[in-house]
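The values are calculated or read from the model by the stated rules, or taken from the named source; none is laboratory data. Every value quoted in this text rests on a predicted model; they were computed, and no experiment measured them. Here the Cβ positions follow ideal geometry from the backbone for every residue, glycine too, while neighbour counts run over all protein chains shown.
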Amino acid sequence: MTTIRPLRPEDRADWARLWTGYLEYYKTTVPQAVYDSTFARLTGDDPQDFTCLIAEVDGRPVGLVHYLFHRHCWKVENVCYLQDLYADPSVRGQGVGRALIEAVYAAADANGTPAVYWLTQDFNTEARKLYDRIAQVTPFIRYNRKL
């Protein structure tokens, strides 16, 4: 059975393991300073910062989600950006990702912020099968500033 709970300060090693798995899936790395600052923000009390939920199976952390509530020029209420979603490969297809997304949906509803959105890579075909069932794909194309 999957249990979803908030990240705790004592989760640092498990969170780092899971987030590293997420970053490796997307073939990227970040410096240790980013790990440190991200974990500090996730475990801090600033409501403008990201929130992290951990998925556990039999008491073992197997997934995470990072999300953020922010203002939106087209709405009175905030919207929710789901930035990172990861399930350990050993539990994929067992409902962990869906449980994490549904937990974000519940948090958004509880905060009066029903609009939830996220981005994914086009090659993330397995996860997109889930996303196509529980969300609506949009025609928007993302651009990043050239650095």
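Do you know which residues across segment 86-113 are within 13 Å of Ile4 (Cα to Cα) and among the aliphatic types (A, V, I, L, M)? Answer for segment 86-113, where residues must be within 13 Å of Ile4 (Cα to Cα) and among the aliphatic types (A, V, I, L, M): Ala87, Val96, Ala99, Leu100, Ile101, Ala103, Val104, Ala106, Ala107. Screening segment 50-147 for strands (runs of 3 or more DSSP E) wholly inside it with 1 or more residues that are in contact with a Gly (Cβ under 8 Å, 6 or more places away or on another chain) and aromatic (Phe, Trp, Tyr) returns the ranges 79-87.
The residue that is nearest to Leu119 (Cα to Cα), counting only those in segment 8-38 that are small (Gly, Ala, Ser) and surrounded by 12 or more Cβ atoms within 10 Å (Cβ to Cβ), is Gly21. Residue under question is Asp49, and the condition is that it be buried (at least 17 other Cβ atoms within 10 Å of the Cβ), in contact with a helix residue (DSSP H, G or I) (Cβ under 9 Å, 6 or more places away or on another chain) and not polar (S, T, N, Q); does it hold? So Asp49 does not fit the description; no.
Here segment 89-113 is the region considered, the condition is being among the β-branched types (Val, Ile, Thr) and over 15 Å from Cys52 (Cα atoms), and the residue that is modelled with the highest pLDDT is Val91.
Flag: Val57 matches the condition of being aliphatic (A, V, I, L, M) and more than 16 Å from the chain's Cα centre (by Cα). The selection criterion, being touching a Phe, Trp or Tyr at 6+ places or on another chain (Cβ under 6 Å) and free of Cβ contacts under 8 Å to residues at least 40 places away in the same chain, does not hold for Leu147.
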